[in-house]
Amino acid sequence: VGMSSTYNYIAEIDISKKNLSIVVRITRRWEVKYNTASDAANSLDMVLLDEQWQGSQIQATIKKELINHFKEATEEGCIY
């Protein structure tokens, strides 16, 4: 996927910018469980990498309430 002017790189993410669009590959995705006695995950974490490939990666955390949506809609190794 080539970048166009409608997408931003991870390095361009800034708290002052609104409505950014990025294209990333999910390089790792895992569930975080705080209570080992429960099967329920507390978050779904991912490492996202953009096409710059020069250390342009971030970790994303999906809140407990949205885990089911993102777990079904995303897959490790895919581009979004």
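Looking at the square roots a ≥ b ≥ c of the eigenvalues of the Cα gyration tensor of segment 4-45, which shape do they give, rounded for a/c under 1.5, prolate if a/b is larger than b/c, or oblate? Provide the component values of the computation, followed by the final result.
Numbers: a/c = 4.37, a/b = 2.59, b/c = 1.69.
Note, shape of segment 4-45 comes out prolate.
Counting only DSSP beta bridges with both residues in the chain, the antiparallel share comes to about 95 percent.
In whole percent, and with a 1.4 Å probe on the protein chains, what portion of the accessible area of the chain is carbon and sulfur?
Numbers: 2820 of 5800 Å².
Summing carbon and sulfur atoms, their accessible area is 49 percent of the total for the chain.
Straight-distance candidates among the lysines for linking to K18, with alpha-carbon spacing under 22 Å and chain neighbours fewer than 8 residues away dropped: K63. Which cross-chain or sequence-distant (5 or more) residues have an amide H under 5 Å from the amide H of I22, H modelled 1.01 Å from N in plane? Under 5 Å from the amide H of I22: N8. A simple rule links phi to the HN-Hα coupling: the Karplus curve 6.51 cos²θ - 1.76 cosθ + 1.60 with θ = phi - 60°, which for segment 71-80 gives 5, 7, 8, 10, 8, 4, x, 8, 9, 10 Hz, with x for Gly and Pro.
Find the accessible area per residue for segment 13-80; the probe is 1.4 Å, ligands and nucleic acids are left out, and the unit is Å².
Numbers: 4970 Å² over 68 residues.
It amounts to 73 Å² per residue over segment 13-80.
A convex hull fitted to the Cα coordinates of the chain yields 115 cubic angstrom per residue.
For segment 11-80, applying the loop criterion from DSSP together with a ceiling of 11 other beta carbons within 10 Å to the trypsin sites (Lys or Arg not before Pro) yields K17, K18.
For Y7 and E31 in one chain, what is 0.36 nm times their gap in residues minus the Cα-Cα distance, to one decimal in nm?
Gain on stretching Y7 to E31: 5.8 nm.
Within a straight-line Cα-Cα reach of under 20 Å, K64 can be paired with the following aspartates and glutamates, leaving aside sequence neighbours fewer than 8 residues apart in one chain: E31, D39, D45, E72, E75, E76.
The values are calculated or read from the model by the stated rules, or taken from the named source; none is laboratory data. Keep in mind that this is a model prediction, so the values were computed, not measured. For neighbour counting, all protein chains shown are included, and Cβ atoms are generated from backbone atoms with ideal geometry for every residue, glycine included. When the accessible area is computed, the model is the full protein with side chains, heavy atoms only, and any ligands, DNA or RNA have been set aside. Shrake-Rupley method; radii C 1.70, N 1.55, O 1.52, S 1.80 Å.
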